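The values are calculated or read from the model by the stated rules, or taken from the named source; none is laboratory data. Computed from a predicted structure; not experimentally measured. Cβ atoms come from the backbone with ideal geometry, glycine included; neighbour counts cover every protein chain shown. Just so you know, the surface numbers come from the protein's heavy atoms only, side chains and all, with ligands and any DNA or RNA stripped out. Shrake-Rupley method; radii C 1.70, N 1.55, O 1.52, S 1.80 Å.
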Amino acid sequence: MKVWIAAWSILAKDARTYYLKPPNVSWGLIFPLAWTGMLFLRSAAGVESVAELLPGVMAVAVLFGTTSLLAVVVAFERRGRSFERLLVAPIPLVVLLLAKTGGAILFGLVNAFVPVILAAFLIDLSIVDWPALIGAAALLSASSAFLGLFIAVSVREVFEAQALSNFFRFPMLFLCGLFLPVEQLPAWMRPLSYALPLTYGADLLRGSIGGVNRLPPAASFALLAASCAALFALSLRVVRRRWIA
Amino acid sequence: MTTSTATGHRLGRPGADLPDPAAIWVRGLAKRFGDVRAVDGVDIDVLSGELFGLLGPNGAGKTTILHLLTGLARPDGGTILIGGIDCSARPGAARRLLGVVPDESNLYPELTGFQNLSFSASLYGMRRKRREVRARELLETFGLAGAGDRKFGGYSKGMKRRLTIAAGMIHEPRILFLDEPTTGIDVASARQIRRLITDLRDAGTTIVLTTHYIEEAQRLCDRVAFIVAGRIVRTDGVARLLHQAGGVHAMEVALSGGAARLGPALVEAFPELRARALADGLLRVEASSPPRVGPLVRFLEDRGAQVTEARRVQPSLEEVFVEVTGIESEALRQEKEKAGGGA
Ligand SMILES: Nc1ncnc2c1ncn2[C@@H]1O[C@H](COP(=O)(O)OP(=O)(O)OP(=O)(O)O)[C@@H](O)[C@H]1O
Ligand SMILES: [Mg+2]
């Protein structure tokens, strides 16, 4: 019980001090909008192409709301040494790191549905399989946040966290099959695509918005969940080994 | 290396036998960073309810010891029992007993003073109602009531320090660790903080603090450990250490000119005295029985010096520290001035 008070409090504090700050909120809105606009113009198609663009925009929104933000938050708190306050408190490390990641996951999820709400004004969303869409967005958000956590615990400086998350983030967008089908990538790049959690998340999103799944959805769910678990376990290990050295 | 207080015999046994769980029992604690032995076979006993000081120069290993005791660093060797709980076996249970005030003020700059305190309390599972009452209380106690709704980032250094200490004790820990609580802040704030620390001790909290201010250790602590290069060279009650220093009677004579020149002449004329020139024309005179002031002053004035002041110096921990560690107190003082920019 007591641990939950601490965990909730960490999550609420992060939301208030970082995620719900105007720059971050507007970033979460503007970026998906800009992408949609850009793709929309380039495709030169009618309004009906919005449904095709939506999964990609959602994935971008998640990616920009989670990975780099969490990586920077954790690196920043470690630099200012306020993270030590959390480490000396009687909170199991697993709970502590989950609470830290939880804020980013929720923020990513909320970000993902901003473009959906905008799309509702343009197209008929009755094609959407809502439980599948929410599930896919949540899992995608979780795996992106855990990637951010792993980046955060692997670096020392805030700028390193930023650089490293961009290093992962941008190639991921192009390799995940959203904007360019994986089959159209050069053969040597394809294994890389299938190693990225985003590829599976994007496929699930597409499938739940009236598109065709290129991969079996159950397998995609399982792979995404496995990537979350693996990234979390790795992060935990790094903190235990290197932070408390 | 173990303590030699009256209760010393009791302390040699593992923590399970300690009468009160709010005590610290450390044996053979070791930590190296590469080739540096930061902590080198340290034994510590802290009794329940006492104010214990770790006194040593920069780099002696004080912060590293606190990090090991609070779980921020992992020891290379040794055993730590806190409140009878083995810290390597049940770190979470041990942490519940502790409050930690680090050497830097590390609260959240984005949160107000009040929010920072409330958040710190929540990490120890305190419910909202209680932690808000307690936060208001502590803001009052620490003279920050008017600044409670301002952001921590905008606080002055002394205010930051006070709020950091308040945050360390908001959950009413049984044992409080304070790393250099008064370094880098002005005299008035430091005095206020010292008073708050002794009040807390009087209310029953066990306190371990580190410092490189000898006077601070003397004024605050019940017992101190002198620590040099990762080793504890002496642990004892302040009263006992002062008693040891009491064997020496010291005087400081302020001269206008010639302190350095007249020292040796004085010792020649009065063989029972020892004399040493200090800075600013001060001459320090020591003897094993109280020196007679009249002949001494007359001797100095006969040799052309103007004696502007001659006063007895109370025995201080400084003498014992210098004697035991071989470190000149001047060296320590300079370090503390350099460190004045910290906190
Ligand atoms: N993380 C670290 N990596 C490498 N060396 C370290 C580390 N932490 C401490 N040391 C070294 O261990 C020794 C003890 O350092 P520590 O900070 O414990 O001293 P201290 O007594 O607290 O000094 P101060 O009075 O300056 O705070 C020093 O030689 C220091 O350089
Ligand atoms: Mg230190």
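Mind checking the mean number of beta-carbon atoms from other chains within 10 Å of the Cβ atoms in B:119-128?
Neighbouring Cβ atoms belonging to other protein chains average 6 per residue here.
Please work out, to two decimal places, the log10 of the ratio I(q)/I(0) at q = 0.08, 0.10 Å⁻¹ from a Debye calculation in which every Cα of the protein assembly as shown carries one identical scatterer.
-0.68, -0.91
Order the peptides A:63-70, A:136-143, A:79-86 from the highest to the lowest mean number of other Cβ atoms within 10 Å of their residues.
Highest to lowest by the protection proxy: A:63-70, A:136-143, A:79-86.
When only Cα pairs under 8 Å and 6 or more residues apart are kept, what is the percent relative contact order across the range B:253-314?
Values: 79 pairs, mean separation 26.5, N = 62.
This gives 43 percent for the range B:253-314.
Run lengths n ≥ 4 of DSSP H only: what is the helix-derived mean residue ellipticity at 222 nm for chain A, with -39500 (n - 2.57) per run over all residues, to the nearest 500?
Mean residue ellipticity, 222 nm, calculated: -24500 deg cm²/dmol.
Give me, ordered by chain and number, the residues 5 or more places off residue B:310 or on other chains with an amide H under 5 Å from its own placed amide H.
Sorted by chain and number, the residues that satisfy this are B:254.
Give me the dipole magnitude in Debye, nearest 20, for the protein assembly as shown about the Cα centre, with unit charges on the beta carbon: positive for Lys and Arg, negative for Asp and Glu.
For the protein assembly as shown, the charge dipole is close to 700 debye.
Indicate, rounded to the nearest 5 percent, the antiparallel portion of the DSSP beta bridges found entirely in chain B.
If I count the DSSP bridges inside chain B, around 70 percent turn out antiparallel.
Give the interface area between chains B and A as buried accessible surface, both sides summed, probe 1.4 Å, in Å² to the nearest 100.
Counting protein atoms only, the buried area is about 2700 Å².
Return the calculated 222 nm mean residue ellipticity for chain B, to the nearest 500 deg cm²/dmol, obtained by summing -39500 (n - 2.57) across DSSP H runs with n ≥ 4 and dividing by the residue count.
-11000 deg cm²/dmol
Evaluated at 10 °C with a viscosity of 1.306 mPa s, what Stokes-Einstein diffusion coefficient in µm²/s does the range A:2-244 have when Rh comes from the Kirkwood expression over alpha-carbon pairs?
Taking Rh from Cα pairs, D becomes 87 µm²/s.
Which lysines does residue B:62 reach when only Cα atoms under 21 Å apart count, and residues fewer than 8 places away in its own chain are ignored?
B:31, B:336, B:338
Quantify how strongly other chains surround peptide B:104-111 by giving the mean number of their Cβ atoms within 10 Å of each of its Cβ atoms.
5
Give the longest segment of chain B that steers clear of GluC sites (Glu not before Pro) in DSSP loops with at most 13 neighbouring Cβ atoms within 10 Å, not counting the sites themselves.
Values: sites that count: B:272, B:328.
For GluC sites (Glu not before Pro) (loop position, at most 13 other Cβ atoms within 10 Å), the longest site-free span of chain B is B:1-271.
Average partner chain C-beta neighbours within 10 Å, per residue of A:10-19?
Partner Cβ neighbours, averaged per residue: 2.
Taking chain B, how much of its Cα-Cα pair set, in percent, is spaced more than 29 angstrom apart?
I get 47 percent for the Cα pairs in chain B exceeding 29 Å.
I'd like the antiparallel share, as a percent to the nearest 5, of DSSP beta bridges with both residues in the protein assembly as shown.
Taking every DSSP beta bridge within the protein assembly as shown, about 70 percent pair in antiparallel fashion.
At 1.4 Å probe size, what's the solvent-accessible area of residue B:243? Round to the nearest 10 Å².
Around 150 Å² of this residue is reachable by solvent.
Sort B:62, A:21 from largest to smallest accessible area, using a 1.4 Å probe on the heavy atoms of the protein chains. Write down the numbers at each step before the final one.
Details: B:62 10, A:21 60 Å².
So, going from the largest accessible area down, we get A:21, B:62.
Any idea what Rg and Dmax come out to for the range B:253-314 if you just take the C-alpha atoms, in Å?
Using the Cα atoms of the range B:253-314, the pair Rg, Dmax is 10.3, 28 Å.
Which of these, B:118, B:88, B:156, has the largest mean-square fluctuation under a Gaussian network model of chain B (Cα springs below 10 Å)?
Per the Cα network of chain B with a 10 Å cutoff, B:156 tops the list.
Enumerate the calculated ³J(HN,Hα) couplings along the range A:65-75 in order (Karplus 6.51 cos²θ - 1.76 cosθ + 1.60, θ = phi - 60°), each rounded to whole Hz, writing x wherever the residue is Gly or Pro.
Each residue's phi maps through the Karplus curve to give x, 10, 3, 6, 4, 5, 4, 5, 4, 5, 4 Hz.
Given points 7 Å out from each Cα along the Cα-Cβ axis, report the residue B:292 to residue A:15 separation in nanometres with one decimal.
With each label point 7 Å from Cα toward Cβ, the separation is 8.3 nm.
Which value results for Rg/Rh of the range B:144-247 when Rg is the Cα radius of gyration and Rh the Kirkwood radius based on the inverse mean 1/r? Write down the numbers at each step before the final one.
On the way: Rg = 15.5 Å, Rh = 15.2 Å.
Taking Rg over the Kirkwood Rh, I get 1.02.
Please give every one of the lysines within straight-line cross-link reach of residue B:129, meaning a C-alpha to C-alpha distance under 19 Å, and leave out same-chain neighbours fewer than 8 residues apart.
A:2, A:13
Which one, B:228, B:281, B:207, projects farthest toward the positive side of the charge dipole computed for chain B from Cβ point charges (K/R +1, D/E -1)?
The one lying farthest along the dipole's positive direction is B:207.
Residue by residue, what Karplus-based ³J(HN,Hα) values in Hz, rounded to whole numbers, does the range B:123-139 have, using 6.51, -1.76 and 1.60 with θ = phi - 60° and x for Gly and Pro?
Working through the residues one at a time gives 5, 9, x, 6, 6, 3, 3, 5, 6, 6, 4, 5, 5, 4, 4, 5, 4 Hz.
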